[in-house]
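Accompanying notes for the structure given below.
The values are calculated or read from the model by the stated rules, or taken from the named source; none is laboratory data. For clarity, every value in this text was computed on a predicted model and none was experimentally measured. No Cβ is skipped: glycine too gets one built from the backbone with ideal geometry, and neighbour counts run over all protein chains shown.
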Amino acid sequence: MLNLVLFGPPGAGKGTQAESLGAKYNLHHISTGDVFRYNIKNETDLGKLAKSFMDQGKLVPDEVTIDMLGAEVSKHAKCHGFIFDGFPRTVSQAKALDALLLKKGTKVSGMFSLEVPEAELKTRLMSRAKVSGRADDADPKVIQNRIDVYNSETAPVKDFYTDQGKYNGIDGVGSIDAIFDRLCTAIDKLNS
Ligand code: AMP
């Protein structure tokens, strides 16, 4: 199995790239943010709980997120591999993902971190808000909170994968196609 973690701050372009990578490498794409938004739209209990955190730009608690991710992985047990987009976002989640994949007899193949300067992230998120309709993209205070949470809680996940020799930093500035090519070059090195 090929299991990729696509990592990066909010607005780095993870969703766009994960979709194209999923198609190219025949991987099932799991975006935890999308799963939460689907649950919010359908007014499930999970959606109601997630909304209270997402509206403030906070992380949904680990236990809830890890259980949800486990259920998504189980639904697609027969796929060729996964691309995880927006997960893991804490070191606890990264450890839980390792344990989950180990139970399935597989592991994370590599982690690809899109690196984008903070000023560019803010510009991208504000312009995405016009088309995404996402409340958490439209409010500068919530954007700042998401970036702060990324720096304090999520960025340490880089060290976790660096220690495993799985961290790949990718320049996330440029055209969508250019960034896609950089990602593919790094992914193709996994098997060479
Ligand atoms: P995203 O679509 O990845 O930008 O995520 C939107 C929001 O969903 C985040 O700001 C968090 O509130 C929540 N979320 C998504 N993925 C996770 C995760 N792995 N852990 C905790 N919260 C998450």
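For every residue, the table says whether it meets (1) under 16 Å from the mean Cα position of the chain (by Cα); (2) surrounded by fewer than 17 Cβ atoms within 10 Å (Cβ to Cβ); (3) within 13 Å of the ligand (Cβ to nearest atom); (4) of a type in the set (D, E, K, R).
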{"residue": "Pro140", "(1), (2), (3), (4)": "no, yes, no, no"}
{"residue": "Ile143", "(1), (2), (3), (4)": "no, no, yes, no"}
{"residue": "Val157", "(1), (2), (3), (4)": "yes, no, yes, no"}
{"residue": "Phe160", "(1), (2), (3), (4)": "yes, no, no, no"}
{"residue": "Gln164", "(1), (2), (3), (4)": "no, yes, no, no"}
{"residue": "Ile170", "(1), (2), (3), (4)": "yes, no, no, no"}
{"residue": "Asn191", "(1), (2), (3), (4)": "no, yes, no, no"}
Restricted to segment 30-55 and to residues being among the polar types (S, T, N, Q) and either within 10 Å of the ligand (Cβ to nearest atom) or more than 20 Å from the chain's Cα centre (by Cα) (or both), the residue farthest from Ile83 (Cα to Cα) is Ser52
Restricting attention to segment 62-90, the residues that are over 17 Å from Lys51 (Cα atoms), more than 8 Å from the ligand (Cβ to nearest atom) and of a type outside the set (A, V, I, L, M, F, W, C) number exactly 8
With the first residue restricted to segment 85-98 and required to be closer than 15 Å to Gly33 by Cβ, and the second required to be among the polar types (S, T, N, Q) and more than 7 Å from the ligand (Cβ to nearest atom), Cβ contacts under 9 Å at 6 or more apart or on different chains are Asp85/Gln17; Pro88/Thr154; Arg89/Thr154; Thr90/Thr154
Just one listed residue, out of Asp148, Asp67, is farther than 24 Å from Tyr38 by Cα, surrounded by fewer than 14 Cβ atoms within 10 Å (Cβ to Cβ), modelled with pLDDT of 95 or more and of a type in the set (D, E, K, R), and it is Asp148
Of (1) within 14 Å of the ligand (Cβ to nearest atom); (2) among the small types (Gly, Ala, Ser); (3) surrounded by fewer than 15 Cβ atoms within 10 Å (Cβ to Cβ), Ala99 satisfies every one except (1)
Considering residues that are under 23 Å from Glu115 (Cβ atoms) and either touching a Leu at 6+ places or on another chain (Cβ under 8 Å) or outside any helix (DSSP H, G or I) (or both), the number found within segment 13-45 is 11
Those residues of segment 1-47 which are β-branched (Val, Ile, Thr) and over 20 Å from Leu125 (Cα atoms) amount to Val5, Ile30, Ile40, Thr44
Does Ser127 meet the test of being of a type in the set (S, T, N, Q), outside any loop (DSSP other than H, G, I, E, B) and under 13 Å from Leu6 (Cβ atoms)? no
Of the residues in segment 148-175, those that are out of contact with any helix residue (DSSP H, G or I) (no Cβ under 6 Å at 6 or more places or on another chain) and in a helix (DSSP H, G or I) number 12
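Could you list, in sequence order, the residues of segment 57-81 that are in a helix (DSSP H, G or I) and aliphatic (A, V, I, L, M)?
Within segment 57-81, Val64, Ile66, Met68, Leu69, Ala71, Val73 meet the criteria.
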